[in-house]
1. Can you tell me the order of 212-224, 134-146 when each peptide is scored by its average per-residue count of other Cβ atoms within 10 angstrom, highest first?
2. For the stretch 11-80 and the stretch 140-190, compute the distance between their C-alpha centroids and round to whole Å.
3. Give me Ser93, Ser245, Ser235 ranked fewest to most by other Cβ atoms within 10 Å of their Cβ, as a rough exposure proxy.
4. Starting with the fewest neighbours, write out Ile380, Ile17 ranked by other beta-carbon atoms found within 10 Å of each beta-carbon.
5. Measure nothing but the geometry: give the 0 to 90° angle between the long axis through the Cα atoms of 11-23 and the longest principal axis through the Cα atoms of the chain, rounded to 10°.
6. For the stretch 184-296, what is the per residue volume of the convex hull drawn over the alpha-carbon atoms, in cubic angstrom?
7. With θ set to phi - 60°, apply the Karplus curve 6.51 cos²θ - 1.76 cosθ + 1.60 along the stretch 357-366 and write out the HN-Hα couplings as whole Hz, x wherever there is a Gly or Pro.
8. Please work out which option in (i) 1.05; (ii) 0.95; (iii) 0.97 gives Rg/Rh (Cα atoms, Kirkwood Rh) calculated from these coordinates, and answer with its label.
Amino acid sequence: MQLLPEILASTDEIQVIRRNIHAHPELRFEETLTADLVAEALSSWGIPIVRGMGKTGVVGRLDGELGPGKMIGLRADMDALPLQEHNAFAHASRHAGKMHACGHDGHTAMLLGAAQYLSNHRDFKGSVIFIFQPAEEGGGGAREMIKDGLFKQFPCDAVFGLHNWPGIPVGDFGVTVGPMMASSNAFQITVKGRGGHAALPHNSADPVIAGVNVVQALQSIITRNKRPVDAAVLSITQFHAGETSNVIPDSAFIGGTVRTFTLEVLDLIETRLREITHGVAGAFDCSAEIEFIRNYPPLINHQQEVDFAVSVITDLVGAGHVDTQIDPTMGAEDFAFMVLEKPGCYVFLGNGDGDHRAVGHGMGPCQLHNPSYDFNDALIPIGVSYWVKLAQRFLA
C-alpha cells in the first residue's frame, strides 16, 4: 500500500476532527457547526471558500502554482441521520436522536485531510474543488448545490465521490462502470371507498379489500411487466386503514418505495403502478389517488472516469484490492445529481467488519444506518491518499 508519509503523520489530527464531528451530529440542512468547522479549517490552510450553496454547503477552491488548467471536483457529505446512537464510547453522539450512522463524519474528515495536504503541495496545474455537501440523507443537497450554481461557479471537468462500505475489507475498493446505486422513489396511494357498519358490508365499498388486492397486484409489475434481466425493487412498507373493529373505513393508505437502475424501468413501473391501482380499486367500486415521488436518480458511473480512478487505486493499494465489477446496490445516493451534470466516478472504500469499534459500542452490527455503527478510522490515511493522488494525477 503506497500511502503518503506526510498523510500517515497527520492521521491522528484528522481522527480528532472525525470524532469531533461524530460527537456533534447535525441533520440535513442543519449542518451549521460542521460547516463552520470545515470553513475554518480550509481558511486556515489558505483555501478560499464559498458558503451557503445548498443552504449549508461549503466549497473550497485550491489553485495550483503552475497556472490555470483542468478542474477536478472532490465531494464529501456532511449530514447525520435522525437515529438514536447505541454506542457509549467517548465520541458517541451528544445529541439525542441524531447520529452519524453512515460515515459522513469520516467522509468530511478525509476530504479535509486531502485539502490540508494539497494546500502544502500546490505543484500542479489547474484547480481542486473541495465540495462539502449537506443533506445527502433524503434532502437532495447535491441537487440544491447545483441549483445554487455549483458547476457554474466551479465548472469542473470531472467530479468524484467516495463512500465507506461495511463488509469490504479495510484498504479494498469497489467500483463498476454504469449503475452503481439505484434511483430512490416513493409512492403514496389512498384508496377511497364508502364506509359503513362492518356487519353490513354490502352497504359499503370496502377500501381495505381493495387495498389488499392492490398490494398483491403491484408485485406483478416486478414479475410480469419488466424484463427479468432489469433489476428493480417495489416494496410496500405501509398499510393503514380503520380505527375500530366494527366499522369499515372510508379509505386505506398504502405507501412504499421503488428502486431501479435505469429511468426506463422506472417509467415502466410508475405507469403500471398507476394503471393497476386505478383498475383494481375500480373493480371493488373504489377509487384511488396516487402520488409518485422521484427522489434521487440512479447513480451512473462514467467509463473514462472509472478507468482513471481504478488506475489511481491500483497504484495506491494494488490490483488485488480493487473490485472493478462490484455488484451495484439498491441503496441510493444523491451524488447521482452531480454525475448527471459532469463526468464522474463514485467508489466504495471498505470499512471492515466492525472489529475496529472500541469498548462501549452497541450490540448491533457495524452496518450503515445502524445505531451501533462507527466509521473505521483506519480508513483515514487510505481515503486521504486516494483523494490526493486522484487530484495530483488528474492535474498532472
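Computed from the coordinates by the stated procedures, all read-outs in this text should not be read as laboratory data. Keep in mind it's a predicted model, so treat the numbers as computed, not measured. Don't worry about glycine lacking a Cβ; one is built from the backbone with ideal geometry, like all the others, and counts go over all protein chains shown.
1. Per-residue Cβ counts within 10 Å, averaged per peptide and sorted highest first, yield 134-146, 212-224.
2. 17 Å
3. Going from sparsest to densest Cβ surroundings: Ser245, Ser235, Ser93.
4. In order of increasing Cβ crowding within 10 Å: Ile17, Ile380.
5. Long axis of 11-23 versus the principal axis of the chain: about 30 degrees.
6. Measuring per residue, one finds 85 Å³ for the Cα hull of the stretch 184-296.
7. Karplus values, whole Hz, x for Gly and Pro: 5, 6, 4, x, 6, x, 7, x, x, 8.
8. Checked against the structure: label (i).
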